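Let me begin by presenting the structure, written as structure tokens, before commenting on it.
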Amino acid sequence: MTALWPLQVALHERLAGDAGVSALVGQRVFDGLVPTGAALPYVVTGEGTATPYGVLGRAGSTDTITLHVWSAYCGSREVLAIVDAIDAALRLPLVIDGHLSARLRQDFATVLVDTTGDTTLRHAPVRYRIITSEAP
């Protein structure tokens, strides 16, 4: 069994309840679907991958989750401040239902400019890699 869903739940709970993240995005931490008309900036959970493995008779996996940070701020300052707040929120171990988390680290973050018509947004995809195993 992969840890992707319990991991996504744990990430969402951590970010939605973190004072540093909330100071920058309010309660706008979304799980996969952004409500129509949601105010910017916000964070949304995106793609995940799981690569299974077994160790000492226990199933585990190396999982990735991509978070997407969106902002209308003219420049990268706001999205990068949000990425820093997310990193700070994820420094403590996550409680992942049915799984143990051995290590969590940021794989990458980048800032993209997304222009549609007269609207220019900053988009920062941030991918995290987490090594998990099933809880005993």
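Please treat every number below as a calculation from the coordinates, not as lab data. Quantities reported herein were computed from a predicted structural model and do not represent experimental measurements. No Cβ is skipped: glycine too gets one built from the backbone with ideal geometry, and neighbour counts run over all protein chains shown.
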(message) Given points 7 Å out from each Cα along the Cα-Cβ axis, report the residue 33 to residue 116 separation in nanometres with one decimal.
(response) 1.7 nm
(request) List the residues whose amide H sits under 5 Å from the amide H of residue 46, counting only those 5 or more places along or on another chain, with H placed 1.01 Å from N in the peptide plane. (result) 66, 67, 68
(request) Could you list which residues have their amide H under 5 Å from that of residue 102, counting only those 5 or more apart in sequence or on another chain, with H placed in the peptide plane? (result) 131, 132, 133
(message) Residue by residue through segment 108-122, what is 3J(HN,Hα) from phi via Karplus (6.51 cos²θ - 1.76 cosθ + 1.60, θ = phi - 60°)? Round to whole Hz and write x for glycine and proline.
(response) 6, 8, 8, 10, 10, 9, 10, 10, 10, x, 8, 9, 10, 10, 9
(request) Rounded to whole Hz and in sequence order, give me ³J(HN,Hα) for segment 10-24 from the Karplus expression 6.51 cos²θ - 1.76 cosθ + 1.60, θ = phi - 60°, writing x for Gly and Pro. (result) 4, 4, 4, 4, 5, 5, 5, x, 8, 5, x, 5, 4, 4, 9
(request) Based on other C-beta atoms within 10 Å, arrange 114, 18 from fewest to most. (result) 114, 18
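Taking loop as defined by DSSP and a crowding limit of 10 other beta carbons within 10 Å, which trypsin sites (Lys or Arg not before Pro) in segment 50-136 fit? Walk me through the intermediate numbers first.
Working: sites: 58, 77, 91, 103, 105, 122, 127, 129; in loops: 91.
Passing both the DSSP loop test and the Cβ count: 91.
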